[in-house]
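This report refers to the structure that appears directly beneath it.
Only the coordinates and a few stated rules stand behind these numbers; no lab work does. Values in this document were obtained by computation on a predicted structure and should not be read as measured data. With ideal geometry, Cβ positions are generated from the backbone for all residues, glycine too; neighbour counts draw on all protein chains shown.
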């Protein structure tokens, strides 16, 4: 008999008030290098916006510019510091409360994100949530800037969810998102919430 409940949350823009990829890159390299990088990468960002460059390729170019050849161990330490010291300022309070309420009710909570899992997991652990997210390629303990597998967005969110859990075991599924890239995930749920958290009170 089905007895379990599942809640799926997008991260950037749903749980957070800003895109954490850009927040993390700025944290990592500082304001000056970040701004210079954005200027140099402007053609790539515009190309993605007008769909001349895929989101995955644009993300790889951005990551390669800011973090390529960084040692994976050092990178993960930076991610942990970012997640625990910087991210809390950008977490929507209502999203955090909703997750904590779900956990108190015994609901399984999974954050499903296109951002790399490296800086999401340390924060997710503070609310006892699981994470399914984009993974970064590591070669000889160095971050290459490329993605390991596909960017976890759109239909890939659904593919990754189904690859890791059996949705048939849940009698009730709730899903939260804020962009078109979350719509396939929301379609899995009986309770769908699009842009549900709009403040940080």
- prompt: If you take the beta carbon distance between residue 137 and residue 101 as r and set R0 to 41 Å, what does 1/(1 + (r/R0)^6) give as a FRET efficiency, to the nearest 0.05?
  reply: 0.65
- prompt: For residue 81 and residue 166, what does the FRET efficiency come to when R0 = 25 Å and r is the distance between their Cβ atoms, rounded to the nearest 0.05?
  reply: 0.10
task: For percent of Cα pairs over 24 Å apart, several values are listed as (i) 41; (ii) 46; (iii) 64; flag the one computed from this structure.
output: (i)
- prompt: Under a GNM of the chain (C-alpha, springs under 10 Å), which listed residue has the highest mean-square fluctuation: 168, 118, 101?
  reply: 168
message: What does the extension gain come out to for residue 33 and residue 4, with contour length at 0.36 nm per residue minus their alpha carbon separation?
response: 5.7 nm
- prompt: Can you tell which of 85, 142, 104 shows the greatest fluctuation in a Gaussian network model of the chain with Cα springs below 10 Å?
  reply: 104
Inter-part distance where the range 99-166 and the range 16-66 are each reduced to a Cα centre, Å: 20 Å
- prompt: GNM, the chain, Cα, under 10 Å: largest mean-square fluctuation among 89, 160, 146?
  reply: 89
message: Using Cβ counts within 10 Å as a stand-in for footprinting exposure, how do 66, 194 rank, fewest first?
response: 194, 66
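At R0 = 22 Å, how high is the FRET efficiency between residue 159 and residue 46 if r is their beta carbon distance? Nearest 0.05 is fine.
So, using R0 = 22 Å, E works out to roughly 0.15.
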- prompt: What ranking do 57-63, 29-35 get when scored by the average of other Cβ atoms within 10 Å per residue, highest first?
  reply: 57-63, 29-35
